[in-house]
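Below: the structure, in structure tokens.
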Protein chains: 2
Amino acid sequence: MSAPRLARLLSRRPLASRRSAPLPSFVRSTPSLSIRHGSHLPPRSTQFTKPTQQHLDALKAISSSTLSTLDGSATEEELRSFNDDWMNKYHGKGSIVLKPKSTKEVGEIMKYCYENDLAVVPQGGNTGLVGGSNPVHDEIILNLSNLNQIRSFDEVSGVLVADGGVILEAADHFLAEKGFIFPLDLGAKGSCHIGGNVSTNAGGLRLLRYGSLHGSVLGLEVVLPDGRIWNGLSKLRKDNTGFDLKQLFIGSEGTIGIITAISILCPRRPSAMNVAVFSLESYEAVQKVYAEAKGHLGEILSAFEFFDKQSYALVKKHQEENGGERKVFETEGDFYCLIETGGSNSEHDEAKLTGLLEHLMENEMVLDGVLAQDSTQFQSLWSLRELVPESAGKAGSVYKYDVSVPVGKMYGLVEKMRAKLRDGGVLEGDGKAEGPIRAVAGYGHMGDGNLHINIVANKYTDEVEKIIEPYIYEIVAENEGSISAEHGLGVMKAPYIGYSKNETSVELMKQIKQLFDPKGLLNPYKYIV
Amino acid sequence: MSAPRLARLLSRRPLASRRSAPLPSFVRSTPSLSIRHGSHLPPRSTQFTKPTQQHLDALKAISSSTLSTLDGSATEEELRSFNDDWMNKYHGKGSIVLKPKSTKEVGEIMKYCYENDLAVVPQGGNTGLVGGSNPVHDEIILNLSNLNQIRSFDEVSGVLVADGGVILEAADHFLAEKGFIFPLDLGAKGSCHIGGNVSTNAGGLRLLRYGSLHGSVLGLEVVLPDGRIWNGLSKLRKDNTGFDLKQLFIGSEGTIGIITAISILCPRRPSAMNVAVFSLESYEAVQKVYAEAKGHLGEILSAFEFFDKQSYALVKKHQEENGGERKVFETEGDFYCLIETGGSNSEHDEAKLTGLLEHLMENEMVLDGVLAQDSTQFQSLWSLRELVPESAGKAGSVYKYDVSVPVGKMYGLVEKMRAKLRDGGVLEGDGKAEGPIRAVAGYGHMGDGNLHINIVANKYTDEVEKIIEPYIYEIVAENEGSISAEHGLGVMKAPYIGYSKNETSVELMKQIKQLFDPKGLLNPYKYIV
């Protein structure tokens, strides 16, 4: 390995050429090309009452903020951001949006809806990828954005109690000022709600370090389908008094209750953070570097992300179009990985990281690498990974899959998917005429065995969807994986749960849904159907 | 602060005088003085069939190992260790003990019991403290000790899959050889089963570092009350496909299913570990040291335990009686705390710990302290804290309470309890004539807000119990605490759940119990009643 590359990785001098303005962490993508999608969507249930002006009048007396096409207080266009998902893939036809300002209001709304057989879809930041937070038909939209207050924070224990509608980034900024960190981070942090994060059991970028929300959430306040308010807002780290009910709501995607507040254990914010990005020859090399990173960095390893050259090409194109930076690596590779450390002692952390970098270079385990020299570069390097989904969205209509399989088998799924699309005659060849599929990009959270496959198409078509699904779920099931690692089932994957869960599981789930929501009014047509 | 104390803490020389043979980590205590206890135990339910010779014959055809007084294959005395709890506080009258050797056998047993209305108590290591794992009346005892195989371990992901009856220490020894650690440690490790740990959501000594089992358990295999086998033995770190059913079984104390296998994420074993114990003037000083430890040690802090002088006196007495070591501290205090670090780099860890120790001494925040110089001392210092419950057991019959409240209010509960017993005229005074209560010791897991109160009596009496209960639950409820932080409800605390959980919670719990176990056959009379 040549000396310059060693120097490049280990030097602490600011590299002016690589410095750039911070990139937006998340921007709502609204591709202009899109068609009405989802031919397999279930028909409207006749069990639910159709919302009318009379219902709206009654709800207006309860909810402090309403929007509706029924009374002309909003146009169909104005309701679009509530009815559509951000990918513009799923389109509801709700005529009533309620934005209650208190848990009590949420309870009264649900009581009224329950008594009147009105179906309801709870909505947080509407940043999901499986059509879980917008209506399928004419469900009433219960948007939680007005429930957005921090309720309390205890600096001794690190326990934060906050409304479900608080935006993730706002919660983290609040905590940063106190020297703490929200134990979850993800690309949509600028829009998503913490209540939505919990209801979908979001995983994100630092699960490797801070673990699952099933471990860090201490309590919840939930409005049940019949309008009862369940106060399970414990601040205790340990509490073994009966079934841990809150766990059922974590990841239940708003089907058995509406999370109006959460209590969560927040760790101290690391005082020292570092990030490095590497180009590598192969997926095998990524796995080897992951093993070395765990060994050298131990308890300070806070993220290990990977992305392929197709992902990186999408990001470069997007950055070019926005006048951002161009050349990061002197030698590019077929794969890239990002390593973040977070610890309490910068000197110790740098020593550990330097030890790793020296080891990787001496053993020629990476092609090239860049270590952030300051906070701007820290953001800039992270954006190489964080911009993948947005860049894909800018390049076309994206079929997004989120699966987990054993780490060693992860990238094989991307290769199988490419072969399947090539065999189906829809994958655009290098330099050939334009086909429906422009790119198949694989990236994700190495430490969690969580792979994201983004299939970028000209537009959403049933032809392409039929090539992808259920094939993708079949190859996940073959590897004993999960068809939804972190994005949830929503309406998109509800029909496919059998690929990941056995009959007994599904039967028990249906019984639990029936127990909590006997009328099936909450977030219908989704999750467990 | 004088130089010698500084030197004493910071020197790395072996301190021969303090070296001693490792102490047993856990010994079953069987106090000779004990009376039939628990006047509030519920009467036998007439809904359950009384086990007969005919049932035994049928079960012998299913279960590969049975013990019974009905066919003379065992005497009442031989069944005592299955019928009694280890404190000799709760005494069942079961006549049949089954020790199945496979999940299939467990399923067949439950199917038979379900069809014949026979009540069953699942039993792991029977090390619990709330009478949860032995019969209340004549329930059939389903002991899992023959289900004791490691099924698989993946060195890349750290995922262990093992039978529920594997002993915790055995699982940890297995993992230690691979460079991994079981993410749970507790005093009863030499006897307790990992299935029992999960079914009671055990917390233990390193929850501060490795978090709750709700975060680390990835999957379960459970035999349902009707004999169906639920295979939820996922090895995936992320899996958002429907309700996270396994969470319901974690901490359900064997009331809705029998855990026959677990899949759990195990971290790498720290390559460097240190432990230090301090004597302190006051509980306020303990809290200050805790804050400093979090700041200086950050991510390597793996345990922060505290115990009071009454706890330490019990341990010293027990060690004296066993010819163990005597003098640890030159200056003793009213309080003690133990700090453990676990990290990947001994040089860095020692630097962090030295920084803390210097800070504590320069600011006179501790009276005295000892830092383990080798692995023997590491064990020996840990035993000062780990031996508290055993030492209390040797000193008499112990009323054990396990609660969680905010850290600042924790020790106030011990003081209130002492005052209550003094007022009730049952607390032995210093140097005075022998009273029913010999000591009230407080200790626990500072980092988790988890306090253990051990009230050592001559013998268990209803008079004393009435002074303690429900007073202790009342003062916990006043502080919005939990009446069971980690030990569970069992039969002991089942009547008191209302002190920690509201009506809606209890109603939902009863519905869940009804859903899974409509006949109420599994571990009856306990938990949710």
The range B:488-517, residues that are more than 7 Å from chain A (Cβ to nearest Cβ) and touching a residue at least 24 places away in the same chain (Cβ under 8 Å): B:G490, B:V491, B:M492, B:K493, B:A494, B:P495, B:Y496, B:Y499, B:K513, B:F516, B:D517
Residue under question is A:Y471, and the condition is that it be farther than 30 Å from B:T504 by Cβ and either facing chain B (nearest Cβ under 7 Å) or touching a residue at least 40 places away in the same chain (Cβ under 8 Å) (or both); does it hold? yes
Kindly provide the set of residues from the range B:184-201 that are more than 9 Å from chain A (Cβ to nearest Cβ), in contact with a helix residue (DSSP H, G or I) (Cβ under 8 Å, 6 or more places away or on another chain) and under 23 Å from A:L245 (Cβ atoms), ordered by number. B:L184, B:N197, B:V198, B:S199
Of A:V464, A:V440, which residue is in contact (Cβ under 8 Å) with a residue 12 or more places away in the chain, within 20 Å of A:V388 (Cα to Cα) and touching a helix residue (DSSP H, G or I) at 6+ places or on another chain (Cβ under 9 Å)? A:V440
May I ask you to verify whether B:G158 is touching a Cys at 6+ places or on another chain (Cβ under 9 Å) and surrounded by fewer than 24 Cβ atoms within 10 Å (Cβ to Cβ)? yes
Considering only residues that are more than 14 Å from A:S397 (Cα to Cα), more than 28 Å from the chain's Cα centre (by Cα) and not charged (D, E, K, R), look in the range A:426-445 and name the one that is modelled with the highest pLDDT. A:G429
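Yes or no, residue by residue, for (1) closer than 30 Å to B:A457 by Cα; (2) of a type outside the set (S, T, Y):
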residue: B:V289; (1), (2): no, yes
residue: B:A293; (1), (2): no, yes
residue: B:Q310; (1), (2): yes, yes
residue: B:K317; (1), (2): yes, yes
residue: B:Y336; (1), (2): yes, no
residue: B:G342; (1), (2): no, yes
Right, A:E332: without any contact (Cβ under 8 Å) to a residue 24 or more places away in the chain, surrounded by fewer than 22 Cβ atoms within 10 Å (Cβ to Cβ) and either among the acidic types (D, E) or in a helix (DSSP H, G or I) (or both) or not? no
Members of the range B:138-184 that are aromatic (F, W, Y) and either at pLDDT below 95 or outside any loop (DSSP other than H, G, I, E, B) (or both): B:F153, B:F174, B:F180
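For B:L451, state whether it is touching a Gly at 6+ places or on another chain (Cβ under 8 Å) and without any contact (Cβ under 8 Å) to a residue 60 or more places away in the chain.
yes
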Just to confirm my filter: which helices (runs of 4 or more DSSP H) fall fully inside the range B:211-324 and include at least 2 residues that are away from every other protein chain (no Cβ under 12 Å) and surrounded by 22 or more Cβ atoms within 10 Å (Cβ to Cβ)? B:283-297, B:309-321
Count - residues of the range A:88-101 that are out of contact with any helix residue (DSSP H, G or I) (no Cβ under 7 Å at 6 or more places or on another chain) and closer than 30 Å to A:N454 by Cβ: 3
Return yes when B:N458 is within 14 Å of another protein chain (Cβ to nearest Cβ) and in contact with a Lys or Arg (Cβ under 8 Å, 6 or more places away or on another chain) and no when it is not. no
Exactly one condition in (1) surrounded by fewer than 24 Cβ atoms within 10 Å (Cβ to Cβ); (2) part of a loop (DSSP other than H, G, I, E, B); (3) among the small types (G, A, S) is not met by B:G203; state its number. (1)
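The values are calculated or read from the model by the stated rules, or taken from the named source; none is laboratory data. Just so it is clear, the model here is predicted, and its values are computed rather than measured. Heads up, the Cβs are rebuilt from the backbone with ideal geometry, glycines too, and the neighbour counts pull from every protein chain shown.
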